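The values are calculated or read from the model by the stated rules, or taken from the named source; none is laboratory data. Only a predicted model underlies this, so the values are computations on that prediction, with no experimental measurement involved. Here the Cβ positions follow ideal geometry from the backbone for every residue, glycine too, while neighbour counts run over all protein chains shown. Each accessible area value is taken on the protein alone, full model and side chains, heavy atoms only, with ligands, DNA and RNA left out. Shrake-Rupley method; radii C 1.70, N 1.55, O 1.52, S 1.80 Å.
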Amino acid sequence: VVATDSVRDGRIVSLGAFADHLGQGTRERILSLAPSAIARLGYAEETTAIDSVITKLGQLPAEHPLRVEYEAGLKADNDAFRQASSSKQETEQQLTAVRFAVTTAKAENDRFREAQYGQLVTLLGKKEAESLFRQWTTRSAAAEDDSDPEQPAPAPIGP
């Protein structure tokens, strides 16, 4: 989306410079804002402003240099931006659906484990049920258990 927006920003700024070069108030007839101001607008507002410019270009004579040089390219750039924006929204919706599915699966897995644990507690008692599960320790506690206090730590290698 950002790349396609950058392309259309460049084209609208170039259109403004070319319109200034032509003179005769052409820029004021085509652009309601400065081209750099259009380029700084938010995506939706910029798309609308460029649609307005394309409409005004279409009202110029077919052989007008501004229309010949910029109308098709600006329309293609704006359409490419719309397509990229739409694609981005679809991707975000798919990612949201995947995240929801993962969260749902985790919750169902937790409910299943709790039900199994409950059955074990009922059948064996809490102490016996907990003895079936591995006891978790922190990494630093496990490292302390593995080290022998009688053995000195190895000396670092190098100067």
>> Just to be sure before I move on: is S147 open to solvent by less than 60 Å² (accessible area, probe 1.4 Å), of a type in the set (S, T, Y) and modelled with pLDDT under 90 in the structure I sent?
In response: no
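So that you can scan it fast, the table gives a plain yes or no per residue for (1) in contact with a Phe, Trp or Tyr (Cβ under 9 Å, 6 or more places away or on another chain); (2) part of a helix (DSSP H, G or I); (3) open to solvent by 100 Å² or more (accessible area, probe 1.4 Å):
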| residue | (1), (2), (3) |
| --- | --- |
| Q94 | no, yes, yes |
| V98 | no, yes, no |
| A105 | no, yes, no |
| N109 | no, yes, no |
| R113 | no, yes, yes |
| Q116 | no, yes, no |
| A129 | yes, yes, no |
| R134 | no, no, yes |
| T137 | no, no, no |
>> Please determine whether any residue of the stretch 12-32 is closer than 26 Å to Q89 by Cβ and open to solvent by 20 Å² or more (accessible area, probe 1.4 Å).
In response: no
> Filtering the stretch 2-11 down to residues that are open to solvent by 40 Å² or more (accessible area, probe 1.4 Å) and in contact with a helix residue (DSSP H, G or I) (Cβ under 6 Å, 6 or more places away or on another chain), which residue is farthest from V68 (Cα to Cα)?
Replying inline: V7
> Can you tell me how many residues in the stretch 33-50 are within 20 Å of the chain's Cα centre (by Cα) and crowded, with 20+ Cβ neighbours inside 10 Å?
Replying inline: 1
